[in-house]
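Below is one structure, written out as structure tokens; the observations come after it.
Values quoted throughout were computed directly from the atomic coordinates according to the rules given, and no laboratory measurement underlies them. In this text, all values refer to a predicted model and were calculated from it rather than measured experimentally. Using ideal geometry, Cβ is built from the backbone for each residue, glycine included, and neighbour counts are taken over all protein chains shown.
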Amino acid sequence: MNVLGIIASGVAALFITVVLAKGVRRTALGSAAGRDPGGRPSRAGVVRRLGGATLVLGVGAAAAAGWGLGAAGDHGRAVTGLLAGAGTVAVLGLVHDVRPLGIPLRVAVQTAAATLAVCLAGLSPVAGVLAVIWIVLVTSAFALLDTADGVLATVAAVTAAGLLACAAVDGRSGLALLPAVLLAGLIGFLLHNWHPARVRPGACGSLFTGFLLAASGVLILVAA
């Protein structure tokens, strides 16, 4: 296991997320609070919900750096597919945060992203279908957790720690990389998301997090 590469990636995810979240927080504080006269969310409210984008950028950049350092090991193809799928749902969530989208469209995009990740993971047809269903369900479930300060990030951090432990026991660096950087990024995000939350993950952060956890869990289970 490329321990140094994983540690370096985790530190990078923590640092990038903290810095970016702080920037979003300052922007939100500098905007008008509450709602505008027309009853629509204020700019400050929108900015606070876009905090999830900082988590996506921090984790994504760190994971890419870890992949470049060889931390993905023999699982580079699977890691690439997982990141591509997670990035797709993150963009979906970002758009939804700014302009709400319908459920059918969101489910369709999540299904396509899960299918991409599963295909690059090399699962059998039956296992692949079950994996896609699992990933979509978990991703959607995490979108419902963004209801109270720190809840989603805390649940996700505990889950990521469990997945990291499972991957580490088997010595699979590629599969330990993503839970590691996600855990570090979530810790950095929690510094600004804990009660009272200054930034929120929004659909962007919640969908990205749920997808990464669900897909990583599938890959770790299959490789066990």
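Listed values, structure above:
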item	result
Sites V222 and L191 - FRET efficiency at Förster radius 35 Å, r taken between beta-carbons, to 0.05	0.55
The stretch 53-178: proportion of alpha-carbon pairs further apart than 25 angstrom, %	25 percent
Euclidean distance between Cα centres, the stretch 202-224 to the stretch 61-139, Å	8 Å
Two-site label geometry, L137 and C119: point separation in nm, points 7 Å out along Cα→Cβ	2.4 nm
The stretch 67-119 pair-distance distribution - Cα-Cα, 5 Å bins, rounded %	4, 20, 23, 18, 14, 10, 7, 3
Contour excess over end-to-end distance, with Cα ends at L69 and V155 and 0.36 nm allotted per residue	28.1 nm
Helix 151-169 vs. the chain, principal-axis angle (Cα, 0 to 90°, nearest 10)	10 degrees
Compactness of the stretch 3-223 as Cα Rg over 2.2 N^0.38 Å, two decimals	0.98
The chain: angle of helix 103-121 to the longest principal axis, Cα-based, in degrees nearest 10	30 degrees
Protection proxy ranking of 3-9, 50-56 - average other beta-carbon atoms within 10 Å, highest first	50-56, 3-9
